[in-house]
Amino acid sequence: MDGLLFDTEKLYWQVGDTVLQRRGFRFSAELQQRMMGRVGVSAMAQMIEMHSLKDSAEDLLAESDQIYSELLGETPDSMPGLELWIDYLDQIEMPFGLATSSRRKFVDRIFESVPWREALQFVLTGDDVVNGKPDPEMYLKAAEKLGIAPEAMMVLEDSGNGCAAAVAAGAQTVAIPSEHTKSQDFSGAILVAESLADPMLWSLLRA
């Protein structure tokens, strides 16, 4: 969801930077890469470890949630090509779902006014897994929800941790880096696409 469907990664950067500035530090690309895809307290544990913070992961998560909720506002901007991609999936009758490390309360809030919400076959959030990305749990559960083998599933990911999770699950993995993740490692991806409107991405579903 974040950075692939909606332009929310900039908000997470603001959240991380606000939390760290209160403690005399600044958010960085290195920390962002370590945190991306991880679930809740696991993500906060990366922040604590990197900066030797005295806070508990639970307290940092609650503080981050409050800041993010204030920044989120209405439905965030769509990433380039999103509407075209959803229309294409509908035209070819390709079932699809959402697997995101975000908390369900924020997923529900973002999707409240999204017109194609009912087209999703399933919604998996960070609240539905024990192990966040790069662990493959999320995508093994996604394949189970679709009733197919992971090898028959295509996963679109914008982060290195997410890509690693999908590859580890055995899925056909396509990386679509955002401006925040373009320097990350996408080893194992069958394609690194420019955006959701990339013809190379669409051609994979016509193969």
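How much length, in nm to one decimal, is gained on full extension between Gln121 and Ser56, taken as 0.36 nm per residue of separation minus their Cα-Cα distance?
The span from Gln121 to Ser56 would gain 19.8 nm if fully extended.
Stretched out fully, how many nm does the piece from Glu70 to Glu151 gain, at 0.36 nm a residue minus the Cα gap? Kindly include the intermediate steps, with their values, before the conclusion.
On the way: separation 81, 0.36 × 81 = 29.16 nm, distance 3.95 nm.
Gain on stretching Glu70 to Glu151: 25.2 nm.
Between Asn131 and Gln91, what FRET efficiency follows from the Cβ-Cβ distance if R0 is 45 Å, with the result rounded to 0.05?
On the way: r = 35 Å, r/R0 = 0.79.
Taking R0 as 45 Å, the efficiency between Asn131 and Gln91 is 0.80.
Considering Cα pairs under 8 angstrom that are at least six residues apart, work out the relative contact order of segment 70-193 and quote it in whole percent.
18
Measure nothing fancy, just the Cα-based angle from helix 9-21's long axis to the longest principal axis of the chain, in degrees from 0 to 90, nearest 10.
So the helix axis and the longest Cα principal axis differ by about 10 degrees.
Just read off the accessible area of Asp87 with the full protein assembly in place, 1.4 Å probe, to the nearest 10 Å².
Near enough 80 Å² of accessible area.
If the cut-off is a Cα-Cα distance under 24 Å, which lysines reach Lys105, setting aside same-chain residues fewer than 8 apart in sequence?
Counting by Cα, and skipping residues close in sequence, Lys105 has these lysines nearby: Lys10, Lys133, Lys141, Lys145.
Farthest toward the dipole's positive end in the chain, which of Val130, Gly24, Pro177, given Cβ charges of +1 (Lys, Arg) and -1 (Asp, Glu) about the Cα centre?
Gly24
Could you let me know the centre-to-centre spacing of segment 124-194 and segment 1-40, using Cα atoms, in angstrom?
Their Cα centres are 19 Å away from one another.
Give the peptides 159-166, 199-206 in descending order of average Cβ contacts within 10 Å, highest first.
My ranking of the peptides, most packed first, is 159-166, 199-206.
Could you give the nm distance between label points at Lys105 and Glu194, where each point is 7 Å from its Cα heading toward the beta carbon?
Label at Lys105, label at Glu194, 4.1 nm between them.
Within segment 11-27, whose backbone N sits under 19 Å from a point 7 Å along Cα→Cβ of Ile48?
From segment 11-27, the list is 16-27.
The values are calculated or read from the model by the stated rules, or taken from the named source; none is laboratory data. What you see is a predicted model, and the numbers here were worked out from it, not measured in a lab. Don't worry about glycine lacking a Cβ; one is built from the backbone with ideal geometry, like all the others, and counts go over all protein chains shown. When the accessible area is computed, the model is the full protein with side chains, heavy atoms only, and any ligands, DNA or RNA have been set aside. Shrake-Rupley method; radii C 1.70, N 1.55, O 1.52, S 1.80 Å.
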